[in-house]
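Please read the structure below before turning to the comments.
The values are calculated or read from the model by the stated rules, or taken from the named source; none is laboratory data. Predicted, not measured: the structure shown is a model, and the values here were computed from it. Here the Cβ positions follow ideal geometry from the backbone for every residue, glycine too, while neighbour counts run over all protein chains shown.
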Amino acid sequence: MSQLALPLRLADHAVFASFLDDGNETLVATLTSLAAGEPGPGCWMWGAEATGKTHLLQAVCDRAGDRSAYLPLAMLDAAGPEMLEGLASRQLVCIDDADRVAGDGAWEMGLFTLFNELQEAGGRLIVAATATPRECGFTLPDLASRMSRLPVFHVHALDESQRVAALQLRARHRGLELPDETAAYLIRRSRRDMASLYGLLDKLDLEALRAQRRLTIPFVRDVLQKDPG
């Protein structure tokens with residue numbers, strides 16, 4: 001993973017290879033193309049929490065390296081829109097949680113300026129939010145208009161069978177074997193959003209390494225009973 005110009009690091013799991021694209025194939029293909037430097041206008045992706053938007057933005061930056069920048073506005077909004085200055089020098093700027101600053105005049109003007117600067121410099125903007133550009137809550141009409149020019153993709157949530165497949169894909173990426181029956185057990189015993197499931201998988205990975213055990217149902221049951229949180 002490349003170190004960002006900002007004091008942030010990408011998550012080590014947030015790569016295209018560990019993202020199950022079922023139902024989001026066109027979006028993932030678009031992002032992969034943009035990360036590779038192929039022509040394209042950028043894009044806007046929207047969807048519910050824990051559907052993989054952050055994962056995909058960071059996967060773009062992982063693939064693009066120093067040509068890119070990742071800004072999670074939920075973490076950076078208090079720092080002010082000065083965080084955006086100079087980013088037009090990057091070929092790809094990935095903005096996470098864009099709806100977090102909707103209604104803030106200074107931030108909206110900063111995003112509007114960045115959009116225009118990137119366009120003039122030949123760069124691209126990739127944005128994630130919980131709603132479309134028109135429904136995001138922007139009060140600066142020109143910003144909503146600019147963002148609406150981007151191709152818009154809805155990030156679809158996974159159904160139960162896809163969540164099992166996504167867990168197994170993440171486990172393989174970490175060098176773990178997660179049998180079908182164990183994955184299904186985890187789905188039944190955990191909160192069903194993927195962020196919670198991935199967090200549980202991380203815990204099980206650590207415990208399995210310590211105990212030199214495989215991820216069987218009895219082992220997983222023991223871990224959950226000892227630490228249900």
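Summary of values
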{"read-out": "Yes/no for Ala128 being crowded, with 18+ Cβ neighbours inside 10 Å and part of a strand (DSSP E or B)", "value": "yes"}
{"read-out": "Subset of segment 145-160 that is hydrophobic (A, V, I, L, M, F, W, C) and in a loop (DSSP other than H, G, I, E, B) - its residue that is surrounded by the most Cβ atoms within 10 Å (Cβ to Cβ)", "value": "Leu158"}
{"read-out": "Qualifying residue in segment 128-140 (condition: β-branched (Val, Ile, Thr) and more than 18 Å from Lys53 (Cα to Cα))", "value": "yes"}
{"read-out": "Candidate set from segment 10-34 (those that are part of a loop (DSSP other than H, G, I, E, B) and of a type in the set (A, V, I, L, M)); member that is farthest from the chain's Cα centre (by Cα)", "value": "Leu20"}
{"read-out": "Yes/no for Ala74 being in contact (Cβ under 8 Å) with a residue 24 or more places away in the chain, assigned by TED's automatic domain parsing to the domain that holds Lys203 and assigned to a helix (DSSP H, G or I)", "value": "no"}
{"read-out": "Any hit, segment 189-201, residues being within 28 Å of Ile126 (Cβ to Cβ), in contact with a strand residue (DSSP E or B) (Cβ under 9 Å, 6 or more places away or on another chain) and in contact (Cβ under 8 Å) with a residue 40 or more places away in the chain", "value": "no"}
{"read-out": "Sole exception among (1) free of Cβ contacts under 8 Å to residues at least 12 places away in the same chain; (2) out of contact with any helix residue (DSSP H, G or I) (no Cβ under 7 Å at 6 or more places or on another chain) for Ala144, by number", "value": "(2)"}
{"read-out": "Residues satisfying the stated conditions in segment 161-189, i.e. assigned to a helix (DSSP H, G or I) and of a type in the set (Lys, Arg)", "value": "Arg163, Arg170, Arg172, Arg188, Arg189"}
{"read-out": "Per-region count, segment 30-39, residues closer than 20 Å to Tyr70 by Cβ and either exposed (fewer than 14 other Cβ atoms within 10 Å of the Cβ) or among the acidic types (Asp, Glu) (or both)", "value": "4"}
{"read-out": "Failed criterion for Arg63 (all others in (1) more than 22 Å from Phe138 (Cβ to Cβ); (2) touching a helix residue (DSSP H, G or I) at 6+ places or on another chain (Cβ under 8 Å); (3) at pLDDT below 95 hold)", "value": "(3)"}
{"read-out": "Some residue of segment 190-199 being among the basic types (Lys, Arg) and part of a loop (DSSP other than H, G, I, E, B)", "value": "yes"}
{"read-out": "Scope segment 41-71; condition free of Cβ contacts under 8 Å to residues at least 40 places away in the same chain and crowded, with 24+ Cβ neighbours inside 10 Å; matching residues", "value": "Ser68"}
{"read-out": "Which numbered condition Ala211 misses (of (1) exposed (fewer than 14 other Cβ atoms within 10 Å of the Cβ); (2) small (Gly, Ala, Ser); (3) under 15 Å from Val164 (Cβ atoms))", "value": "(3)"}
{"read-out": "Test: residue in segment 177-186 that is of a type outside the set (S, T, N, Q) and within 22 Å of the chain's Cα centre (by Cα)", "value": "no"}
{"read-out": "Top-ranked residue of segment 77-105 - restricted to ones that are hydrophobic (A, V, I, L, M, F, W, C) and without any contact (Cβ under 8 Å) to a residue 12 or more places away in the chain, ranked as surrounded by the fewest Cβ atoms within 10 Å (Cβ to Cβ)", "value": "Ala78"}
{"read-out": "Per-region count, segment 35-58, residues outside any strand (DSSP E or B), closer than 18 Å to Leu118 by Cα and under 15 Å from the mean Cα position of the chain (by Cα)", "value": "2"}
